[in-house]
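K.L.:
A single structure is presented below for examination.
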There are 2 protein chains.
Amino acid sequence: MSSTAQSLNPLPELNPSRRLLLGPGPSMVHPRVLKAMSTPLIGHLDPEFLVIMDEIQESLRWLFRTTNTLTLPISGTGSAAMEAAIVNLVEPGDQVIVGVNGVFGSRMASMVERCGGRAIRVEIPWGKPIEPERIEQQLQTCQPVKAVAIVHAETSTGTLQPLDSIGQLCQQHKALFIVDAVTSLAGMEVNVDDWHIDACYSATQKCMSCPPGVAPLTFSENAVAHIRNRKSSCTSWYLDCSLISDYWNGTTRTYHHTAPISMAYALRESLRLIQEEGLEARIVRHQRNIQALIAGLRTFGFEFLPTIPYQLTTLLCVTLPSFIDDLKVRKALLNDFHIEIGGGLGSLAGKVWRIGLMGESSREEHVLTLLSALERLLSRETDVPTLGTSIQSALESFQQSNNFK
Amino acid sequence: MSSTAQSLNPLPELNPSRRLLLGPGPSMVHPRVLKAMSTPLIGHLDPEFLVIMDEIQESLRWLFRTTNTLTLPISGTGSAAMEAAIVNLVEPGDQVIVGVNGVFGSRMASMVERCGGRAIRVEIPWGKPIEPERIEQQLQTCQPVKAVAIVHAETSTGTLQPLDSIGQLCQQHKALFIVDAVTSLAGMEVNVDDWHIDACYSATQKCMSCPPGVAPLTFSENAVAHIRNRKSSCTSWYLDCSLISDYWNGTTRTYHHTAPISMAYALRESLRLIQEEGLEARIVRHQRNIQALIAGLRTFGFEFLPTIPYQLTTLLCVTLPSFIDDLKVRKALLNDFHIEIGGGLGSLAGKVWRIGLMGESSREEHVLTLLSALERLLSRETDVPTLGTSIQSALESFQQSNNFK
């Protein structure tokens, strides 16, 4: 045996610090979901597991507001579901219009190109939504267009993209409509069927409050027909949904790859929690809490990247006033208050914060905890209001929204 | 809101039956690993998580017996790591020799072709190992060969493939050596550096006794040079290890995709348990328990697919005597005794059982539990020995191997 064995330091017991997760994800996980994760495993072909798979699929259809048969969790994180949506539908030479107004639009375009498609990027300044006219123009000039790929809720900028009219344009031009709902599903309205979406994916660690590791994905019957009638094999075997669907939906339940059992347990429990709360109540909760956070943050002089109708109610992109030292404050939040918020990605690095109030992270007490920590930290700087001011504004906002509710 | 919300039946509490998992995986999970899974999450860029990542990487290097820098868990199950090994190294037009003597060799060949490579299949009857001469012949006639891909422990047939001389051949012919160690790592000897392996992957749910969901992968410095100097982009963005390594090994720890935090916790705890036991002791335990199982099964008249030096000590492929009704007995094992064993895949369906004694599933009491259940079930059939006979043989085997130990 090699001597490496002796030189390894024994690992200490796992004992991470307790954190309040208010970044772009992972969000806080409900104790019942954590408990579900520790359930002893059964096999991925056990008749009882097949029932669990059916339950997950039925619940995901409810959550996506769809009747799509091919609705399942991909065995990877959100980016794996993004890749699955694209590699299953895009064949070499296919033209795909991709809306790019943040990191995740760019990522979609890269995936289109890696599997042999041609990405037609519609570039928009970060923080602005994409006007449907820009998509329509490309649909008219670039025939044939296989698909239009759009991010519903840009995690890098906190921007909401209205989808209804783009879905109608896709229908008119017979293009498939691919939508990234990573930061919206289970926190904001997502209507797969009504909005004519052909492929929609999300992630578990955002508004679903489940650990990352599986990722919901749904394909319309039209998308499934494209998958079944491909001229070339899907470039990915692992994500090939024509094979995966035989395991999830086929009468034979043919083994494809070993499903991540414990993550399926967690996902099922998080879906149960969403059902118990009700989707409409959950969406209102996300609105109410982000409004209170916005009211509080305004008292410090913070502004926000997207304009109001395009602000997500799940993730807030805060532009930093000049007196804020990004890294210093975020480090102090983490070390002194055990609160995680996110920094900017790409060209927004150092210029914005991304504060997520998603799923279990979207709670009144978390809003107040973050504001009070910021008050204490920023009171060291000039030009900040007296202690309690942001809390007062947040509480007034809660009062108003309760009346509204 | 749609009326689907009302029509959904509430999910009952998660309450799967207790199972003894003695199939080809998932294996039993140690209670400490289940407990680790329920640990509250920290962020994937939290300084404490970066330490956990380093600990996992260092432990995986120890387990793979390698000094490879690029050693990490892929965010998917074993097949995702297989795909990562292949799509990172194989470019369009590359020739790859693939040993095919079971389902997983075929899967590798399919992945080579899907990312644009040419798979040169060396086909061998299922249950037989691949003679190095067959590989050498192809290395000589098919120049240039980018890589040779071999399964170390075929999960579909229980066959062990000696690797040392194939590794030397690859070195001589400057071909990369890709090895599937899904059913051997942490249960049998795997020597990545000594055997000149350039890419080796495994799965967590076999001999590591961790739930499925992440998958260990290591690349040699030579393989990394190939990845860095590719002429074309990797067809997969999600599995592109030139990007993933910036997160796992780069000084900037650049975000790629959100790591599956809870699965990382589980993997870390399973690595701790392996270290506490010691790799050599663990390998001996697997040998001792499978020998006892073999001794017991022989008393029923069972035979085994691979001949003795090529039998895995982690997974046993049992050829069924004519008096056994495959489905009927496996169903009774599951329903009456809560024991899962595996059936045959592909051309072996209905003809073999696959009994896994891997990680926590490889314990004396599980061997005895399975044999006693089989005795009770098969006593209904003719030509089986009196009750207790197989147990007696297993106990004698344990006695002998304890002396040996």
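Every number here is computed from the coordinates shown, using simple stated rules; none is lab data. Just so you know, these numbers come straight off a predicted model, no measurement behind them. For neighbour counting, all protein chains shown are included, and Cβ atoms are generated from backbone atoms with ideal geometry for every residue, glycine included.
K.L.:
If each label sits 7 angstrom from Cα along the C-beta direction, how far apart, in nm, is A:Arg298 from its counterparts in the other copies?
P.N.:
Label-point distances to the other copies, shortest first: 8.2 nm.
K.L.:
My understanding is that a pair violates if its Cα-Cα distance is over 25 Å; which of A:Lys331/A:Lys351; B:Lys206/B:Lys231; A:Lys206/A:Lys231; B:Lys206/B:Lys331; B:Lys128/B:Lys351; B:Lys146/B:Lys206 do that in this structure?
P.N.:
From the list (A:Lys331/A:Lys351; B:Lys206/B:Lys231; A:Lys206/A:Lys231; B:Lys206/B:Lys331; B:Lys128/B:Lys351; B:Lys146/B:Lys206), the Cα-Cα distance tops 25 Å for B:Lys206/B:Lys231; A:Lys206/A:Lys231; B:Lys146/B:Lys206.
K.L.:
If each residue of separation counts as 0.36 nm, what is the full-extension length gain between A:Asn15 and A:Glu48 once their alpha-carbon separation is subtracted?
P.N.:
8.5 nm
K.L.:
Would you pull out the residues with amide H under 5 Å of B:Val98's amide H, same chain only if 5 or more places away, H placed 1.01 Å from N?
P.N.:
For B:Val98, whose amide H was placed from the backbone, the distant partners under 5 Å are B:Ile120, B:Arg121, B:Val122, B:Ala149.
K.L.:
Put a label point 7 Å from Cα along the Cβ direction on A:Ser242, then list its distances to the equivalent points in the other copies in nm, shortest first.
P.N.:
Result, one decimal in nm: 2.9.
K.L.:
Name the long-range amide H neighbours of B:Thr254: under 5 Å, sequence gap of 5 or more, or other chain; modelled H, no Pro or chain starts.
P.N.:
Hits under the 5 Å cutoff: B:Tyr247.
K.L.:
Right, here's the next one. Within straight cross-link reach of A:Lys35, meaning Cα distance under 18 Å, which lysines are found once same-chain residues fewer than 8 apart are removed?
P.N.:
Here the lysines satisfying the reach criterion relative to A:Lys35 are B:Lys35.
K.L.:
Now for a separate question. Express the Stokes-Einstein translational diffusion coefficient of the stretch B:71-212 in µm² s⁻¹, to the nearest whole number, given a Kirkwood radius over alpha-carbon pairs, 37 °C and a viscosity of 0.692 mPa s.
P.N.:
Calculated translational D: 222 µm²/s.
K.L.:
On to the next question. Using per-residue counts of other Cβ atoms within 10 Å, averaged over each peptide, order A:242-249, B:208-215 from highest down.
P.N.:
Sorting A:242-249, B:208-215 by mean packing, highest first, produces B:208-215, A:242-249.
K.L.:
If you don't mind, another one. Report, for the protein assembly as shown, the % of DSSP beta bridges that are antiparallel, rounded to 5.
P.N.:
Percent antiparallel among DSSP bridges in the protein assembly as shown is about 50.
K.L.:
Still on this structure: Roughly how big is the protein assembly as shown's charge dipole about its Cα centre, with Cβ charges of +1 (Lys, Arg) and -1 (Asp, Glu), in debye to the nearest 20?
P.N.:
80
K.L.:
How long is the stretch B:278-404 along each principal axis, judged by its Cα atoms, biggest number first, in Å?
P.N.:
39, 34, 27
K.L.:
If you take every DSSP beta bridge whose two residues both sit in chain B, what share of them, in percent to the nearest 5, is antiparallel?
P.N.:
About 50 percent, rounded to the nearest 5.
K.L.:
May I pose another question? For label points placed 7 Å from Cα toward Cβ, what is the shortest-first list of nm distances from A:Arg228 to its copies?
P.N.:
Those label-point separations list as 4.8 nm.
K.L.:
Where Lys and Arg each count +1 and Asp and Glu each count -1, what net charge lies around A:Asn15 among other residues with Cβ under 14 Å from its Cβ?
P.N.:
+1
K.L.:
Ok, one more. Rounded if a/c is under 1.5, else prolate if a/b beats b/c, else oblate: with a ≥ b ≥ c from the C-alpha gyration tensor eigenvalues square-rooted, which is the stretch B:130-235?
P.N.:
It is oblate, given that a/c is not under 1.5 and a/b is not larger than b/c.
K.L.:
Still on this structure, I have one more. Would you mind getting the Kirkwood hydrodynamic radius of the stretch B:188-279 from its Cα pairs, rounded to one decimal in Å?
P.N.:
15.1
K.L.:
Using the Cα centre of the stretch B:278-404 as the reference point, and only Cβ charges (+1 on K/R, -1 on D/E), how large is the resulting charge dipole? Debye, rounded to the nearest 20.
P.N.:
With only Lys, Arg, Asp and Glu charged at Cβ, the dipole is about 180 debye.
K.L.:
Exposure proxy check: B:Ile339, B:Ile86 ranked by fewest other beta carbons within 10 Å?
P.N.:
Neighbour counts put them in this order, fewest first: B:Ile339, B:Ile86.
K.L.:
What does the charge dipole of the stretch A:215-362 about its Cα centre add up to, to the nearest 20 debye, if the Cβ of each Lys and Arg holds +1 and the Cβ of each Asp and Glu holds -1?
P.N.:
I would put it at about 240 debye.
K.L.:
Next question, about the same structure. Average partner chain C-beta neighbours within 10 Å, per residue of A:52-58?
P.N.:
2
K.L.:
How large is the translational diffusion coefficient of the protein assembly as shown in µm² per second when you combine the Kirkwood radius over alpha carbon pairs with Stokes-Einstein at 10 °C and 1.306 mPa s?
P.N.:
Reported coefficient: 58 µm²/s.
K.L.:
To continue, here is another question. So for chain B, taking the charge dipole from beta-carbon charges (+1 Lys/Arg, -1 Asp/Glu), which of B:Cys234, B:Ser390, B:Ala149 sits furthest toward the positive end?
P.N.:
The listed residue farthest towards the positive side: B:Ser390.
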